[in-house]
1. Could you run through segment 235-247 and say how many residues are outside any loop (DSSP other than H, G, I, E, B), open to solvent by less than 40 Å² (accessible area, probe 1.4 Å) and farther than 14 Å from Met1 by Cβ?
2. Kindly indicate the residue of segment 97-135 that is in contact with a Phe, Trp or Tyr (Cβ under 9 Å, 6 or more places away or on another chain) and under 19 Å from Ile17 (Cα atoms) and also nearest to the ligand (Cβ to nearest atom) among those meeting that condition.
3. Please enumerate the residues belonging to segment 1-49 that are β-branched (Val, Ile, Thr), crowded, with 24+ Cβ neighbours inside 10 Å and in contact (Cβ under 8 Å) with a residue 40 or more places away in the chain.
4. Go through segment 1-47 and count every residue that is basic (Lys, Arg) and at pLDDT below 95.
5. Within the group Asp37, Asp45, which residue is over 20 Å from Lys179 (Cα atoms) and either out of contact with any Lys or Arg (no Cβ under 9 Å at 6 or more places or on another chain) or away from the ligand (no atom under 15 Å from the Cβ) (or both)?
6. Of all residues in segment 51-94, which are in contact with a Phe, Trp or Tyr (Cβ under 8 Å, 6 or more places away or on another chain), open to solvent by 10 Å² or more (accessible area, probe 1.4 Å) and aliphatic (A, V, I, L, M)?
7. Considering only residues that are within 26 Å of Glu24 (Cβ to Cβ) and either among the aliphatic types (A, V, I, L, M) or modelled with pLDDT under 95 (or both), which ones fall in segment 85-108?
Amino acid sequence: MFVDGKVALVTGGAFGIGFCIANELLQNGLKGVTLVDVDEAKGKDAVDALSLKYGKGKIIFVRADVVNKKDLEDAMKKTVEKFGHFDILINNAGVMNDTIWEKEVDINIKGVVNGCILGLEEYLPKYNSGTEPVIVNIASTAGLTPLYFLPVYTSTKHAVIGLGKALAMRENCGVQKVKLMTLCPGATLTTLIDNLESRAFTPRLTETVKHFFEQYPEEVTQNPESVATAVVKILENGGNGSVWVVQGGELYEIEIPSFTDYKKLRQL
Ligand SMILES: NC(=O)c1ccc[n+]([C@@H]2O[C@H](COP(=O)([O-])OP(=O)(O)OC[C@H]3O[C@@H](n4cnc5c(N)ncnc54)[C@H](O)[C@@H]3O)[C@@H](O)[C@H]2O)c1
């Protein structure tokens with residue numbers, strides 16, 4: 001089992017999907033995990049809850065804003081100091097709110113780029129415990145199929161997919177010592193999707209957005225635990241550069257078209 005005995009850092013790990021990922025990794029034999037989040041109170045609660053279940057000393061919380069590279073680096077340093085190794089980085093922290101789109105771009109793109117640079121170039125190659133280390137970036141199905149009321153969120157998640165694909169291609173140049181994969185969850189029942197109508201890019205859309213989930217097929221929504229299970233599965237079986245969807249609890253790999261595939265759809 002890949003996860004067994006490894007050390008992980010999960011951004012946005014105090015709550016929602018990130019918390020569930022940390023829990024699932026520990027359930028699968030993880031040696032230690034650093035929860036990185038801006039929410040200190042939730043971070044402390046998360047450490048208490050997980051320590052009660054898995055024992056003291058296996059979980060630490062570091063208050064860090066992923067937008068700030070120094071913050072994130074400090075969290076990686078503390079991970080190595082505490083656990084001796086660092087093998088798995090989950091770039092999960094994100095927001096979904098187009099009314100604060102500049103901040104959303106910073107957190108969802110800059111935060112993931114920061115994690116990738118620090119993880120790929122420095123901390124994972126240097127401090128892994130002997131097997132190939134891994135980064136999983138959490139994108140969204142919105143990075144594949146646009147959400148009309150969240151055009152900026154949609155763009156940030158397209159960016160996360162593109163970033164992961166491009167960085168993983170470094171394998172062809174022989175400089176890649178870290179496996180990099182992308183997971184795109186579909187609608188997942190966390191506070192991220194509460195009050196959807198208050199997050200739309202333009203207030204003119206508020207009324208239509210209110211009813212968005214009423215028309216949404218129930219079978220494509222899922223609990224955050226489904227995303228966490230998917231993370232462990234791809235850590236065990238996924239390849240470098242692979243892109244995965246987990247929707248309605250179902251996990252599958254998808255292909256991004258190559259140059260030669262573009263023309264298959266429609267030619268004039
Ligand atoms: N919930 C969904 O439907 C859904 C679907 C697809 C993708 N996602 C993605 O999954 C990820 C997690 O979402 P979630 O549903 O668990 O959201 P959530 O709001 O429940 O949890 C997000 C966590 O990230 C933390 N966070 C926010 N900004 C941060 C920052 N700058 N630095 C560090 N931590 C920060 C928050 O404090 C919170 O604990 C996000 O990237 C989101 O875009 C969610």
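1. 4
2. So, considering only residues that are in contact with a Phe, Trp or Tyr (Cβ under 9 Å, 6 or more places away or on another chain) and under 19 Å from Ile17 (Cα atoms), the one nearest to the ligand (Cβ to nearest atom) is Asn108.
3. Val7, Val10, Thr11, Ile17, Ile21, Thr34, Val36 - these are the residues of segment 1-49 that are β-branched (Val, Ile, Thr), crowded, with 24+ Cβ neighbours inside 10 Å and in contact (Cβ under 8 Å) with a residue 40 or more places away in the chain.
4. 0
5. Just one listed residue meets the conditions, Asp45.
6. Within segment 51-94, just Val80 meets the criteria.
7. Ile88, Leu89, Ile90, Ala93, Val95, Met96, Ile107
Let's see how each residue does on (1) of a type in the set (Lys, Arg); (2) in contact with a His (Cβ under 7 Å, 6 or more places away or on another chain); (3) within 10 Å of the ligand (Cβ to nearest atom); (4) in contact (Cβ under 8 Å) with a residue 40 or more places away in the chain:
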site	(1), (2), (3), (4)
Met76	no, no, no, yes
Glu81	no, no, no, no
Gly84	no, no, no, yes
Val95	no, no, yes, yes
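The values are calculated or read from the model by the stated rules, or taken from the named source; none is laboratory data. The structure displayed is predicted, hence computed values, not measured ones. Glycine gets a Cβ as well: all are built from the backbone with ideal geometry, and neighbour counts include every protein chain shown. Side chains are part of the model used for accessible areas, which takes the heavy atoms of the whole protein and leaves out ligands, DNA and RNA. Shrake-Rupley method; radii C 1.70, N 1.55, O 1.52, S 1.80 Å.
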